[in-house]
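For reference, the structure is listed below as structure tokens.
What follows draws every value from the coordinates through simple rules; no lab data is involved. Note that the structure is a prediction, hence the values are computed from the model and not measured. Here Cβ is always computed from backbone atoms with ideal geometry, including for glycine, and neighbour counts include all displayed protein chains.
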Amino acid sequence: MLALVGIVSVGHLGMWQLGRADEKRQILEQIAAGAASVAPLTSIDAQLPRYQTVTATGRYDGDRQILLDNMPSPRGMPGYRVLTPFELQGGGWILVDRGWLPVGPSRAVLPDVAVEGNERTIRGRLDELPRPGIRLGSNTAGEGWPRVMNFPEHADLERALERGIGPYIVRLDPSEPDGFERAGIVAPDFGPGRHIAYAVQWFGLGLVMLFLYVFLSLKTEHHR
């Protein structure tokens, strides 16, 4: 019985790896498709895919900004990602990720993230809010502005800003002004091929276990 449970378990692990491979394949396709065209973002209700390159005309609200905490740089340095509300020319608010800033000598002193509120057209890529592996504790620190938040959800941001916002963020293009350290959309650490290789290993282990189970069962029956 334990052998059968083990065989089923490794089979499930193999199928899970195949599912992860399919997810990675879709992400890579979305990144490529998003870079191939530019779409105007005129409404927070626009039905556009993740990673789509967009342009938006409107103005920043520099008075109420969010500092996403626990956002290390690509080099592993501690810091914040700056989310700034942006009012679309046609109405409605979105959040623009203006890039990464390091933590200063003290967390009591927040970085200067001031930005002018004049009308402009920006360019960036649609993305989702970062999510933690495990959500622990409060996601808000302090009440002033800019406000530090730790992996907030969409509803948390709307409550803090006291306004409705679009269900996505726009990651400001590295070529745009009024931003901080930025990188393009980063592809997954490894592609679908490695997940497929892991799946083959799990399925192979399952076949070995099945062979041994059948072999030992037949041997036991023969002795009987």
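Once the C-beta distance of ILE44 and ALA114 is scaled by a Förster radius of 30 Å, the resulting FRET efficiency is 0.75 to the nearest 0.05. Relative to the current alpha-carbon distance between ARG75 and ASP173, full extension at 0.36 nm per residue lengthens the span by 33.3 nm. Using a simple spin-label model with pseudo-atoms 7 Å out from Cα toward Cβ, SER217 and ALA197 lie 3.4 nm apart. Model label points for GLU158 and GLU128, set 7 angstrom from Cα along the Cα-to-Cβ axis, are 1.8 nm apart.
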